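The values are calculated or read from the model by the stated rules, or taken from the named source; none is laboratory data. These numbers were taken from a predicted model, which means no experiment stands behind them. Reconstructed Cβ throughout: ideal geometry from the backbone, glycine too, with neighbour counts over all protein chains shown.
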Amino acid sequence: MIRIETSQIGENGYSVSGEEPGELLELERDPVARSDGPVRYELTVELGGQELVVRGQVEAPLRLRCSRCAQFFSTTVRVSSFLHAYEWAEHPEFLDVSADVREDLLLEIPGFPLCHDGCKGLCAQCGQDLNEGPCGCAPPERGPSPWSALDKLVATPGSRPPKDGHGRGRK
């Protein structure tokens, strides 16, 4: 828990830094992301009228499952511009920013993580990891694309779309 004692905040603010266990991210059951070490933070808390303004940076090492080859790889997610404001009256003694740190870090996890840009992924037929070498599967047969009829259409500026087979066109 990243808990800041608000009585320590002076005119120039209050700086806190440290580490919290990776369990803060609550990724134990996640099939794509796993914590791989402690969450690190460097935060400054300042008074802004009736608000406590917390800014700084946070980071966490993770193991992510590649969306192409399904292998786990190591990376670090960072929030270099952590910024949140809290009502002072709601936190007269302690301010817990753990939930916001967790949320901001989770938002930095890519939607389709890749172990590297050139990842070849898995064979769609046998599941072989193509990064380890080619598989023995025959290439899929390629028939005509259902979209190939669109290649024959030619649009000219100012032309109207053709009427469909039922005599209805766009108006």
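Looking only at region 61-104, how many residues end up being loosely packed, with under 12 Cβ neighbours inside 10 Å, more than 15 Å from the chain's Cα centre (by Cα) and polar (S, T, N, Q)? Count: 1. Taking residues in region 41-57 that are touching a residue at least 60 places away in the same chain (Cβ under 8 Å) and surrounded by 17 or more Cβ atoms within 10 Å (Cβ to Cβ), and partners anywhere that are hydroxyl-bearing (Ser, Thr, Tyr) and part of a strand (DSSP E or B), the pairs with Cβ atoms closer than 8 Å and at least 6 places apart or on different chains are 41/17. For the residues 87, 59, the requirement of being in contact with a Leu (Cβ under 9 Å, 6 or more places away or on another chain), at pLDDT 95 or above and closer than 30 Å to residue 13 by Cα singles out 59. For residues that are under 9 Å from residue 47 (Cβ atoms) and surrounded by 12 or more Cβ atoms within 10 Å (Cβ to Cβ), scanning just region 1-17, find the one that is modelled with the lowest pLDDT. Only one residue tops the list, namely 9. Among the residues of region 91-133, those identified as among the aliphatic types (A, V, I, L, M) and over 26 Å from residue 39 (Cα atoms) are 122, 124, 130. Remark: residue 40 falls outside the filter, which requires a residue to be more than 17 Å from residue 104 (Cβ to Cβ), assigned to a strand (DSSP E or B) and either under 17 Å from the mean Cα position of the chain (by Cα) or modelled with pLDDT of 95 or more (or both). Pairs meeting the criteria (first residue in region 89-103 and touching a residue at least 40 places away in the same chain (Cβ under 8 Å), second residue of a type in the set (Val, Ile, Thr) and in a helix (DSSP H, G or I), beta carbons under 7 Å, at least 6 apart or on different chains) are 91/6; 92/6; 93/6; 94/6; 95/6.
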